[in-house]
1. Being over 23 Å from the mean Cα position of the chain (by Cα), surrounded by 14 or more Cβ atoms within 10 Å (Cβ to Cβ) and assigned to a loop (DSSP other than H, G, I, E, B) is the requirement here; does K65 meet it?
2. Condition test on E293, is it charged (D, E, K, R) and either farther than 19 Å from R78 by Cα or not assigned by TED's automatic domain parsing to the domain that holds T131 (or both)?
3. From the list G31, G73, which one is on the phi > 0 side of the Ramachandran plot and not assigned by TED's automatic domain parsing to the domain that holds K268?
4. Sort out which residues of the stretch 322-342 are crowded, with 22+ Cβ neighbours inside 10 Å and hydrophobic (A, V, I, L, M, F, W, C), and write them in order of number.
5. Could you grab me the full set of residues in the stretch 245-259 that are surrounded by 12 or more Cβ atoms within 10 Å (Cβ to Cβ) and part of a helix (DSSP H, G or I)?
6. Output the residues belonging to the stretch 73-102 that are assigned to a helix (DSSP H, G or I) and not aliphatic (A, V, I, L, M).
7. What are the residue pairs meeting all of these: first residue in the stretch 327-352, first residue in contact (Cβ under 8 Å) with a residue 40 or more places away in the chain, second residue of a type in the set (S, T, Y), Cβ atoms under 6 Å, and 6 or more apart or on different chains?
8. Scan the stretch 138-155 residue by residue and report those that are touching a strand residue (DSSP E or B) at 6+ places or on another chain (Cβ under 9 Å) and either in a loop (DSSP other than H, G, I, E, B) or crowded, with 18+ Cβ neighbours inside 10 Å (or both).
Amino acid sequence: MVKISPAKRTENIKYAVRDIVLIAQEVAKSGKEMLYLNIGDPNLFDFAPPKQMIEETYKAMMINKNGYAPSSGIEIARESIKREATRKGITNIHDIFVTTGASEAIELALTALVNEGDNVLTPTPGYPLYTAVASKLQAIENPYFLDEKNGWQPDIEDIKSKINEKTKAIIIINPNNPTGSNFSKETLLELINIAKKHNLVIFADEIYDKLLFDGEKHISIASLDSEAPIITFGGLSKNYVVPGWRVGWGIISGNIGILSDYIEAINKMLRARLSASHPMQYAIPAALDSKNEHLIEIMAKLERRRKLTVEMLNAIDGISCVQPKGAFYAFPKIEIEKSDTEFVINLIKETGVVVVPGDGFGQKPNTKHFRVVFLPTEIQLEKAYSSISIFMKKYL
């Protein structure tokens, strides 16, 4: 038999967050103590979901809501998502669909929009899912930069310079992964103007919209314009501490005259893949219609850990860190000659501290970064950052 060749569309698919784990696993075999600051999974640490969500899911299972759900999601879940969207100020909503995590919603929406050779503006730095999906769809990468000197806000002039006749959409991640930035109203209005001028769909990934520091307020971009074609993505993973449940959704709003065919294309794909997990959808109203009291403790922990992260990293020669305004990530800059990937590999091998190289999220040319997740306890973080400090002295 002849060796089986994989599809060419898989050649450029990378996911640095998990790819780096392969190296960490080899180091762990040596018996070295590992400190994992690489994956944004709160359940690995001292965070847990609200009990009422677990109870509602259990009830659904016990009354045998274990078969297929409607393709777009159960009605009480979709109604709850719409109420939440309305509270955020989103109007002119035409469709809501529940998916296996926000990542499936994003992939479905991209697949229904992009043809081979098209391009989508993706934030750099940004979550690597988008470039992986684009690669699978044989779309052309079209990264736009976030401005580190401006608190990691999108660089509007750079975005304008990147648009061409094959550009179909612009993706924003707000609050941003990996930088933790929260976009200003002025920035969001600029993005809307660009999208409307160039007939672009806005993909608004707002999965961290309740995890904000210092009294920061999140503005849903769809709340600022009822005519712009926008899909707002959300889910239970981060705000409600259940990433393993894989519960997400998309909310389509804007001018129905330009959206109708696209909405039907998305629904064709939804029907073709049957449904998201049926019993898990009963957790959606239990979460979204709650008072969100669980966030008080969560944000208190994250506030302390963010403060520790920024202070300790900025105290290390050769490292500078913009203070995150949301989520639970920081994206420190490193002043080194070699690549950040080589830096991270050596860091893992020598110290057992696992972070993700900035190259895995995209960054401006000639800059080097790494991403840390500050979900671990203060004791774990102190140990990790002290190890990074010692390692950095040797590395420099």
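1. Values: over 23 Å from the mean Cα position of the chain (by Cα): yes; surrounded by 14 or more Cβ atoms within 10 Å (Cβ to Cβ): yes; assigned to a loop (DSSP other than H, G, I, E, B): yes.
Considered against the rule, which asks whether it is over 23 Å from the mean Cα position of the chain (by Cα), surrounded by 14 or more Cβ atoms within 10 Å (Cβ to Cβ) and assigned to a loop (DSSP other than H, G, I, E, B), K65 comes out as yes.
2. Working: charged (D, E, K, R): yes; either farther than 19 Å from R78 by Cα or not assigned by TED's automatic domain parsing to the domain that holds T131 (or both): yes.
Yes: the conditions hold for E293.
3. On the way: G73 fails: not assigned by TED's automatic domain parsing to the domain that holds K268.
Going through G31, G73 in turn, the sole match is G31.
4. Passing the criteria: A327, F328, A330, F331, I334.
5. The initial filter retains those residues of the stretch 245-259 that are surrounded by 12 or more Cβ atoms within 10 Å (Cβ to Cβ), namely 245-256, 258-259.
W245, I256, I258, L259, listed by residue number.
6. Within the stretch 73-102, the first condition is being assigned to a helix (DSSP H, G or I), and the residues that meet it are 75-87, 101-102.
Matches in the stretch 73-102: E75, R78, E79, S80, K82, R83, E84, T86, R87, G101.
7. A327/Y208; A330/T309; F331/T179; K333/S320; T351/S387
8. Within the stretch 138-155, the first condition is being touching a strand residue (DSSP E or B) at 6+ places or on another chain (Cβ under 9 Å), and the residues that meet it are 139-148, 152-155.
Within the stretch 138-155, A139, N142, P143, Y144, F145, L146, E148, W152, Q153, P154, D155 meet the criteria.
The values are calculated or read from the model by the stated rules, or taken from the named source; none is laboratory data. Only a predicted model underlies this, so the values are computations on that prediction, with no experimental measurement involved. Quick reminder, even Gly has a Cβ in these numbers, built from the backbone with ideal geometry, and neighbours come from all protein chains shown.
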